[in-house]
Structure formats: structure tokens, C-alpha cells
Amino acid sequence: MLIINPETGRIMDANAAASDYYGYSHEELSGLAVTDINTADPTIAKKNLARFAEDRGTVLTLHHRKKNGEICDVDVFSAPIILGGQRMLHSIVHDVTERKKAKRDG
């Protein structure tokens, strides 16, 4: 789970599972921008953030980079929430790398 500022793209908070998954400490992950883990062109990543902020809940399949450089396929469910009076995104990340690999290998 990540809490993201949709205007800046900054990861404001993350749970322990996200830190473990990405390989960053909580402090490191909470200081990154989405563009540091999302492999998409930054312009596309920013458009996705804007889309997430306006929808009630959206799921996108994306490619995310872990601290060790590994690229994974992830489904990201994001929905806007109000936190401390500010509009943020609550994002749940689910690794689908093995599922996608099994489909390709048929």
C-alpha cells in the first residue's frame, strides 16, 4: 500500500509490505516519487496520477522497478482519499509477474 500525492507524484507513506516488496526502507520509499519506481515515461505516469485522482477507483497494469533493478508487472488499484484535508491517492500494488509469465509461456 502506498499513499501518493497526485499533484507532485511523491510517495508520502508506505506500509511494511511495500517496503519489503520494493526493497527500500520505509524512509527511502516515503521519499521517492512514483516516477522512481514506475518505468513508464514520466509524462504518462503523471497523466495516470491525474486519472487516478479523478476516478473512484482505477486499476492499471504497470511495470515497476525494485531497488535491486528488477522490473515487475504489477496491478495498481488507486482511489482518491482525503487525508489531513488533502486529496491523496491510496494505491494497492499487487505483483502479477508470475501470472503474466505463465500466460506468455502458455
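Each value in this text was obtained by applying a stated rule to the coordinates, not by laboratory testing. This one's a predicted model, so the numbers in the text were calculated from it and none came from an experiment. For neighbour counting, all protein chains shown are included, and Cβ atoms are generated from backbone atoms with ideal geometry for every residue, glycine included.
Between the amide H of Ala40 and those of His63, distances stay under 5 Å, these residues lying 5 or more places away or on another chain, with hydrogens modeled in the peptide plane. Where (1) 50, 24, 17; (2) 47, 29, 23; (3) 76, 38, 21 are the candidate values, the label of the one calculated here for Cα extents along the principal axes in Å is (2). Roughly speaking, what is the centre-to-centre gap between region 1-33 and region 36-102 when only Cα atoms are used, to the nearest Å? Between the Cα centres of region 1-33 and region 36-102 lies a distance of 11 Å.
Per-residue Karplus couplings for region 30-36, computed as 6.51 cos²θ - 1.76 cosθ + 1.60 with θ equal to phi - 60°, are listed in order as 5, x, 8, 9, 4, 5, 6 Hz, Gly and Pro entered as x.
Run the count for the chain, please: Lys pairs, Cα-Cα under 27 angstrom, 8 or more apart or on different chains. Step by step, the pairs that qualify in the chain add up to 12. Think of each Lys and Arg Cβ as +1 and each Asp and Glu Cβ as -1; about the Cα centre, that makes the dipole of region 2-105 roughly 320 debye. For region 1-66, GluC sites (Glu not before Pro) meeting the loop criterion (DSSP other than H, G, I, E, B) and having at most 16 other Cβ atoms within 10 Å: Glu7.
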